[in-house]
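**Q** What follows is a structure written as C-alpha cells; I'll ask about it next.
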Amino acid sequence: MKILCLVACMLFVAGLSAQNYVLTSDPAEVLSITGASTLHDWNVKAGEVHNLPKQMSISNNTIDLEAFEISIPVTTLDGGRGATMNNKIQKALLATEHPNVIFKLNQEQMISLSDSTAIEGELLIAGQAVTIDLDVVISSDDEQLTLTGNEPIKMSDFGIEPPSAMFGQIQTKDEITVNFELTFIKQE
C-alpha cells in the first residue's frame, strides 16, 4: 500500500513539474514581412534574427515567457528582387541611423496554452517605438510547441513613408504584415 501511495505521489509531482521545450527553428527562417504595392504583392525575408528565446517552459498549461529582446539587422532583410529593392528597404528603415528592428518583451508574462493569446511588447522600427499587442497562435502536443503570428502594422505608425519607384508610379501600400513561426521541441 505504501508503495502505491509513493508512486501516486511521484506521478502527481511529475504532473506539476515544468516541461521544457528547446528552439529548433532556424533563426534565418522565422520571420517575413508581406505587403503590397500598386504593381504587385511582395515578401521580405529576415536573413538573421538575433536573441530568440532558446527555451520555453510549460507548467499547468501555462507558458512562463521571460523578458527578451529580439533584433533583426535591417541589412539582412531581403526582398528577393535584388539590390534595388533591398536598398529601398534599408533607406526607408533608416538603416544607417537605426541598424536593427527590435521587438522587446519588457517583463515576464504568463500565457495560457489556449488557441491564441496576445503578448504586449514594444516594436522599434526606424527609431520609433510603438507598444503593440502581438497576437500569437499556440499549438502544442507532447513533443512540440509552435508559436505563429501574422501581425498587421502600418509603416506610417513608425514615421516611415511607404517607398515608391519609377518617379512615384509604383507606390507601396502603408499596411504590412509581420509573419513569424517559432518551433520548439520537448527536451528530455
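**Q** Could you list, in sequence order, all residues of the range 105-133 that are farther than 22 Å from Asn60 by Cβ and not small (Gly, Ala, Ser)?
**A** Asn106, Glu122, Leu123, Leu124, Ile125, Gln128, Val130, Thr131, Ile132, Asp133, listed by residue number.
This table checks each residue for (1) among the basic types (Lys, Arg); (2) within 22 Å of Ile72 (Cα to Cα).
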position: Lys91; (1), (2): yes, yes
position: Glu97; (1), (2): no, yes
position: Phe103; (1), (2): no, yes
position: Gln107; (1), (2): no, yes
position: Glu122; (1), (2): no, yes
position: Ala126; (1), (2): no, yes
position: Ala129; (1), (2): no, yes
position: Ser139; (1), (2): no, no
position: Asp142; (1), (2): no, no
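Residues are listed down the side, and each one gets a yes or a no for (1) loosely packed, with under 12 Cβ neighbours inside 10 Å; (2) under 12 Å from the mean Cα position of the chain (by Cα); (3) part of a loop (DSSP other than H, G, I, E, B):
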{"position": "Glu97", "(1), (2), (3)": "yes, no, yes"}
{"position": "Val101", "(1), (2), (3)": "no, yes, no"}
{"position": "Lys104", "(1), (2), (3)": "no, yes, no"}
{"position": "Gln107", "(1), (2), (3)": "yes, no, yes"}
{"position": "Ile111", "(1), (2), (3)": "no, no, no"}
{"position": "Ser114", "(1), (2), (3)": "yes, no, yes"}
{"position": "Leu123", "(1), (2), (3)": "no, yes, no"}
{"position": "Thr131", "(1), (2), (3)": "yes, no, no"}
{"position": "Asp135", "(1), (2), (3)": "no, yes, no"}
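**Q** Is the range 59-75 home to any residue that is in contact with a Lys or Arg (Cβ under 6 Å, 6 or more places away or on another chain) and at pLDDT 95 or above?
**A** yes
**Q** Give the residues of the range 13-70 that are of a type in the set (Gly, Ala, Ser), within 12 Å of the chain's Cα centre (by Cα) and in a strand (DSSP E or B), sorted by residue number.
**A** Within the range 13-70, Ser32, Ala46 meet the criteria.
**Q** Give the number of residues within the range 23-51 that are hydrophobic (A, V, I, L, M, F, W, C) and surrounded by fewer than 16 Cβ atoms within 10 Å (Cβ to Cβ).
**A** 3
**Q** Still on this structure, please answer the following. Applying the selection to the range 69-92, what residues are in contact (Cβ under 8 Å) with a residue 40 or more places away in the chain and small (Gly, Ala, Ser)?
**A** Ala92, the sole residue that qualifies.
**Q** Here is a follow-up. Glu66 versus (1) among the charged types (D, E, K, R); (2) touching a residue at least 40 places away in the same chain (Cβ under 8 Å); (3) farther than 22 Å from Glu151 by Cβ: which is the lone unmet condition?
**A** Condition (3) is where Glu66 drops out.
**Q** Tell me yes or no: at least one residue of the range 3-20 is within 19 Å of Asn100 (Cα to Cα), at pLDDT 90 or above and surrounded by 14 or more Cβ atoms within 10 Å (Cβ to Cβ). Before the answer, list the steps.
**A** Start the filter on the range 3-20 by keeping residues that are within 19 Å of Asn100 (Cα to Cα), which leaves none.
No, because not a single residue in the range 3-20 is within 19 Å of Asn100 (Cα to Cα), at pLDDT 90 or above and surrounded by 14 or more Cβ atoms within 10 Å (Cβ to Cβ).
**Q** For the range 109-137, which residues satisfy the criterion of being of a type in the set (D, E, K, R), at pLDDT 90 or above and farther than 26 Å from Asp41 by Cβ? Working first, answer last.
**A** Going residue by residue through the range 109-137, those that are of a type in the set (D, E, K, R) are 115, 120, 122, 133, 135.
Imposing the further condition that a residue be at pLDDT 90 or above reduces the set to 120, 122, 133, 135.
If the condition is that a residue be of a type in the set (D, E, K, R), at pLDDT 90 or above and farther than 26 Å from Asp41 by Cβ, then Glu120, Glu122 are the ones that fit.
**Q** Every residue in the range 156-179 that is within 27 Å of Gln109 (Cβ to Cβ), over 12 Å from the mean Cα position of the chain (by Cα) and touching a residue at least 40 places away in the same chain (Cβ under 8 Å), please.
**A** Initially, the range 156-179 is screened for residues within 27 Å of Gln109 (Cβ to Cβ), giving 157-158, 175-179.
Pick out the ones that are also over 12 Å from the mean Cα position of the chain (by Cα) and you get 157-158, 175-176.
Residues satisfying the conditions are Glu175, Ile176.
**Q** Okay, moving on. Under the condition of being surrounded by 16 or more Cβ atoms within 10 Å (Cβ to Cβ) and farther than 20 Å from Asn179 by Cα, which residue from the range 85-95 is farthest from the chain's Cα centre (by Cα)?
**A** Of everything passing the filter in the range 85-95, Lys88 is farthest from the chain's Cα centre (by Cα).
**Q** Let me ask something else about it. Of all residues being of a type in the set (Val, Ile, Thr) and within 19 Å of Pro162 (Cα to Cα) in the range 77-108, which is modelled with the lowest pLDDT? Just the residue, please.
**A** So, considering only residues that are of a type in the set (Val, Ile, Thr) and within 19 Å of Pro162 (Cα to Cα), the one modelled with the lowest pLDDT is Thr84.
The values are calculated or read from the model by the stated rules, or taken from the named source; none is laboratory data. Keep in mind that this is a model prediction, so the values were computed, not measured. FYI the Cβ positions are ideal-geometry reconstructions off the backbone, even for glycines, and counts take in every protein chain you see.
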